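Asks: Let me begin by handing over the structure; questions about it come next.
The values are calculated or read from the model by the stated rules, or taken from the named source; none is laboratory data. Because the structure is a prediction, the values reported are computed rather than measured. A quick note on method: Cβ atoms are made from the backbone with ideal geometry, for glycine too, and the neighbour counts reach across all protein chains shown. Side chains are part of the model used for accessible areas, which takes the heavy atoms of the whole protein and leaves out ligands, DNA and RNA. Shrake-Rupley method; radii C 1.70, N 1.55, O 1.52, S 1.80 Å.
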Amino acid sequence: MERIRYEAQVNVGSVISPFNSWQIFRGAVTFPLRMQKINASALAIAEWLENRENVTFVSYPGLESNKGHALAVRQMRNGFGGVISFGINADDKAVEKFCAALKVVTFAVSLGHDESLIFPQPSYDERIDLYPEVFRKGFIRFSVGLEETEDIIGDLDQAFKSIGL
């Protein structure tokens, strides 16, 4: 019982607050509309990234080039989500400069917000060996938000230019 109580409190939390409950309930009404926008933007951004010369890989289930695309089409009927993983042909320092140069997208650890968030996974991280080889250099996690797709792409483009890519 102690193990269940401890793990549940750590992983889930013991009781949600009334205010948080109200916020979730209130936000649930617009959730489908928000996800439509995020899904459409994420796919367009993933396609744009896939065509960049210095992008080494793009991992997004909505791309036909993704090895899990056929399964994603069967399982993800309403869109492919807002999280994109991609790599750039740069060292850790340049990747961090790329993320810091963004003006529309926020450089932050958390993912899954209404605003676009980005965070690099440095090559010296102890967990990097758990990822496929292609992910071990220049790996960036990107959670697409509700900003205009063209604004996000423009921001990514100017950040690439700021580090010479």
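Asks: Based on the Cα gyration tensor of the stretch 57-136, what are the three equivalent ellipsoid semi-axes, each the root of five times an eigenvalue, rounded to whole Å and given largest first?
Replies: Taking √(5λ) for each Cα gyration eigenvalue gives 24, 17, 11 Å.
Asks: Before rounding to the nearest 500, sum -39500 (n - 2.57) across all DSSP H runs of length at least 4 in the chain and divide by the residue total; then give [θ] at 222 nm in deg cm²/dmol.
Replies: On the way: 6 runs with 72 residues, N = 165.
Mean residue ellipticity at 222 nm (helix-derived): -13500 deg cm²/dmol.
Asks: Report the residue, chosen from N11, N51, N66, that carries the largest GNM mean-square fluctuation when the chain is represented by alpha-carbon nodes joined by springs under 10 Å.
Replies: The residue that fluctuates most here is N11.
Asks: Just to make sure I understand: if all protein chains stay in place, what is the order of L102, L111 by accessible area at 1.4 Å, largest first? Don't skip to the end; give the middle numbers.
Replies: Values: L102 20, L111 60 Å².
Accessible-area ranking of L102, L111, largest first: L111, L102.
Asks: Rolling a 1.4 angstrom probe over the protein heavy atoms, how many square angstrom per residue are accessible across the chain? Could you put the intermediate results ahead of the total?
Replies: On the way: 10490 Å² over 165 residues.
Result: 64 Å² per residue.
Asks: What do you get for chymotrypsin sites (Phe, Trp or Tyr not before Pro) in the stretch 108-165 restricted to DSSP loop and a cutoff of at most 10 other Cβ within 10 Å of the site's Cβ?
Replies: Y124
Asks: So how much accessible area does F31 have, in Å² to the nearest 10, using a 1.4 Å probe?
Replies: Result for F31: roughly 110 Å² accessible.
Asks: Percentage of Cα-Cα pair distances in the stretch 15-165 greater than 20 Å, rounded to whole percent? Mind showing how you got there, number by number?
Replies: Working: 5754 of 11325 pairs.
Summing the P(r) tail past 20 Å for the stretch 15-165 gives 51 percent.
Asks: Something else about it: Could you tell me the ratio Rg/Rh of the stretch 53-100? Both radii from Cα atoms, Rh via Kirkwood.
Replies: Details: Rg = 13.6 Å, Rh = 12.2 Å.
Taking Rg over the Kirkwood Rh, I get 1.11.
Asks: First compute the accessible area of the chain with a 1.4 Å probe, then give the percent of it belonging to carbon and sulfur atoms.
Replies: Values: 5800 of 10490 Å².
Taking all protein chains in place, the chain shows 55 percent carbon and sulfur surface.
Asks: Taking every pair of alpha-carbon atoms in the stretch 1-57, give the share separated by more than 19 Å as a whole percent.
Replies: Working: 997 of 1596 pairs.
The answer is 62 percent, as a whole percent.
Asks: Identify the trypsin sites (Lys or Arg not before Pro) of the stretch 59-150 meeting these criteria: DSSP loop state and at most 15 other C-beta atoms within 10 Å of the C-beta. Let's see the in-between values first.
Replies: Numbers: sites: K67, R74, R77, K93, K97, K103, R127, R136, K137, R141; in loops: K67, R77, K103, R127, K137.
Sites meeting the loop and neighbour criteria: K67, R77, K103, R127.
Asks: Also, I was wondering about something else. Which of the three applies to the stretch 124-165, rounded, prolate or oblate, going by the alpha-carbon gyration tensor with a ≥ b ≥ c and a/c under 1.5 meaning rounded?
Replies: Since a/c reaches 1.5 but b/c is at least a/b, the shape of the stretch 124-165 is classed as oblate.
Asks: How large are Rg and Dmax for the stretch 1-99 when only the alpha carbon atoms are used, in Å?
Replies: Cα only, the stretch 1-99: 18.8, 54 Å (Rg, Dmax).
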